[in-house]
Amino acid sequence: MDVIEIIQTKRDGRTLNKEQIDWFINNFSAGHIPDEQTAALAMSIYFNGMETDELTNWTKAMVSSGVTLDLNSVGKHTVDKHSTGGVGDKVSLILVPLIASYGLAVPQLSGRGLGHGGGTLDKMESISGWTASLSEKEMLTQLREIGGIIAAANENINPADRHLYALRDVTHTVDSIPLIASSIISKKIAEGTDALVLDVKTGSGAFMVELENARELAKTMVELGENSGMKTVALITSMETVLGKTAGNALEVSESLEVLEGGGPEDLIEVTLALAQEMLELTNIDADPSEMLASGKPRELFEKMVSAQGGDLSKGLPEAEFKKTIEASETGYISKLDCRSVGIAAWRLGAGRAKKEDPVSPTAGVVCLAKPGDQIRTGEPVLELHGDNNDSFDSAIEALDGAIEISEVAPNNYPLILDKIFT
Ligand code: URA
């Protein structure tokens, strides 16, 4: 077997068999396949998709590239949530401590920024001293003692996804249903969770711009998850505009803290509570998560999670050196604030990476001072751009060309939760 034959099979739209898949993932994980060949295969999958059995084999091979965590010793029911990624999606930072406050274990293995969307680990790393790297033993201890972790899948857990994820980011092969489904579900099987709630984003800021594609992705993942013995449901949620008011690493941590402290934007709270409700239902807990959020316990638990991973919230969050505002060009209602454009602006300011080795800026990002539905007057600020480097602003501002629309009448409210997919 050789890699050229595998690339050719997929490039020509044929199906990879189990042997080919196992061979490729084994060699890729061992570092024997050059990035350009893996990129060529990812691009072929992007264009030609995968059959159901092929995707199941691919997902299993990714799980087998490393160890599967055995969470039995934690002694708690385990449930996790994973999002397909969006702009301003800081839900995990609130949801993990919220659900762990019920005595459940939330073993969240997260990723770094992909394309214009932010990554949970990049956000958490803006907290002074916090580390995403935990050994398996540390993960189990933290789950037992505190109940929640947000961490990177270490080299032993699904190394295939770790490397492929980074490579897809820089080769524009992220928004592929089989690649997203296998990446997410293989990570969740490897982390050993019993139950999983998926937040499948749709809209201009999501990888799945069209609702129908989001439904297909959700169905693919729910089926893959259930077939591997993990209780899985998916909510499809809107990414037509930024979730909450901020996009950028430290900015999003700060907004998450606001929610944990009883404030924060309504849309962010609504999506977080809807996902929390699904997580509780999957673990047979009959409770109202808004009451738990209001109790302050999740805020304390977040602090414990952060300290257990070396972080110190008392040091405050870093702030950008330079700020610029974008003002309304007329008076009226904001009828559109394009999510993707804001995500690209935040990325160009430094919040995301262009190459997989690039560092991200903890402070760069965008604050939405007004959102769709808000009234605004000519000259009032709509967006505040944050950056460490004055030179990054021009290209960020360029990305925002046409992103803000203002109308004379108030726009219709669009729903945030669009569908639920389950078996
Ligand atoms: N999140 C993941 O974990 N993987 C993807 O491919 C996309 C979003």
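Normalising the average separation of contacting C-alpha pairs (under 8 angstrom, six or more residues apart) by the number of residues puts the relative contact order of the chain at 19 percent. Taking 0.36 nm per residue of separation and subtracting the current Cα-Cα distance, fully stretching the chain between residue 2 and residue 374 would add 128.2 nm.
Taking amide H as placed 1.01 Å from N in the peptide plane, the amide H of residue 383 sits under 5 Å from that of 326, 369, each at least 5 places away or on another chain. Among the protein heavy atoms, those of residue 208 account for about 10 Å² of accessible surface (1.4 Å probe, every chain in place).
What do you get when you divide the Cα radius of gyration of segment 252-349 by 2.2 N^0.38 Å, with N the number of residues? Walk me through the intermediate numbers first.
Details: Rg = 17.6 Å, N = 98, 2.2 N^0.38 = 12.6 Å.
After normalising by residue count via 2.2 N^0.38 Å, the value is 1.40.
Highest average first, the peptides 7-20, 224-237, 116-129 ordered by how many other beta carbon atoms sit within 10 Å of their residues are 116-129, 224-237, 7-20.
Rg(Cα) of segment 282-329 divided by 2.2 N^0.38 Å?
Numbers: Rg = 18.1 Å, N = 48, 2.2 N^0.38 = 9.6 Å.
The value comes to 1.89.
Accessible-area rank, largest first, for 168, 299, 377, 340: 377, 340, 299, 168, with all protein chains present and a 1.4 angstrom probe.
Note on segment 33-126: Rg/Rh from C-alpha atoms, Kirkwood Rh, equals 1.03.
Note that the chain, at 25 °C in a medium of 0.890 mPa s, gets a Stokes-Einstein diffusion coefficient of 113 µm²/s from its Kirkwood radius over C-alpha pairs.
When the Kirkwood hydrodynamic radius is evaluated over all pairs of different C-alpha atoms of segment 295-423, what value in angstrom, to one decimal, is obtained?
Evaluated on segment 295-423, it is 17.1 Å.
Per atom type, the chain shows carbon and sulfur on 47% of its accessible surface, probed at 1.4 Å.
For residue 330, the shell of other residues with beta-carbons less than 13 Å away shows a net charge of -3, using +1 for Lys and Arg and -1 for Asp and Glu. Think of segment 1-134 as having a plus end and a minus end, set by charges on the Cβ of Lys, Arg, Asp and Glu; of 30, 74, 113, 74 sits farthest toward the positive end of this dipole. Round to the nearest 10 and report in Å² the accessible area of residue 46, as given by a 1.4 Å probe over the protein chains' heavy atoms. Number for this one is 80 Å². Legend: translational diffusion of segment 149-235 by Stokes-Einstein, Rh = Kirkwood radius over C-alpha pairs, 37 °C, 0.692 mPa s; D = 243 µm²/s.
Quick one, what does Rg over Rh come out to for segment 61-180 if you take C-alpha atoms and the Kirkwood Rh? Don't skip to the answer; put the middle values down first.
On the way: Rg = 14.4 Å, Rh = 15.1 Å.
Over the Cα atoms of segment 61-180, Rg/Rh equals 0.96.
Label separation (residue 72 vs residue 211): 4.5 nm, computed from points 7 Å beyond Cα along the C-beta direction.
Using only alpha carbons, build the gyration tensor for segment 218-291 and give me the equivalent ellipsoid semi-axes, biggest first, whole Å. It would help to have the intermediate numbers written out before the result.
Working: eigenvalues 139, 57, 21 Å².
Working from the Cα gyration tensor, I get semi-axes of 26, 17, 10 Å.
Building the convex hull from the alpha-carbon atoms of segment 326-397 and averaging its projection over directions returns 4.9 nm². A simple spin-label model places the labels of residue 389 and residue 144 4.5 nm from each other, with each point 7 Å out along Cα-to-Cβ.
Measuring nothing but alpha carbons in segment 65-117 and taking Rh as the Kirkwood radius, the Rg to Rh ratio lands at 1.03. Under the criterion of Cα pairs below 8 Å and six or more residues apart, the relative contact order for segment 243-348 equals 28 percent. Probing with 1.4 Å while keeping every protein chain in the model, the per residue accessible area of segment 103-200 equals 25 Å².
Full extension from residue 295 to residue 325: what is 0.36 nm times the residue separation minus their Cα-Cα distance, to one decimal in nm?
Additional length available on full extension: 7.2 nm.
Excluding ligands, DNA and RNA, the accessible surface per residue across segment 263-367 is 47 Å² with a 1.4 Å probe.
Grab the beta carbon distance between residue 287 and residue 32, set R0 = 45 Å, and tell me the FRET efficiency rounded to 0.05. Walk me through the numbers on the way to the answer.
Details: r = 49 Å, r/R0 = 1.10.
Calculated value: 0.35.
Taking 0.36 nm per residue of separation and subtracting the Cα-Cα distance, what length does fully extending residue 414 through residue 357 add?
Numbers: separation 57, 0.36 × 57 = 20.52 nm, distance 3.81 nm.
Extra length available between residue 414 and residue 357 comes to 16.7 nm.
The values are calculated or read from the model by the stated rules, or taken from the named source; none is laboratory data. As the structure is a prediction and not an experimental result, all values here were calculated from the model. No Cβ is skipped: glycine too gets one built from the backbone with ideal geometry, and neighbour counts run over all protein chains shown. The accessibility values were calculated without ligands, DNA or RNA, using every heavy atom of the protein model including side chains. Shrake-Rupley method; radii C 1.70, N 1.55, O 1.52, S 1.80 Å.
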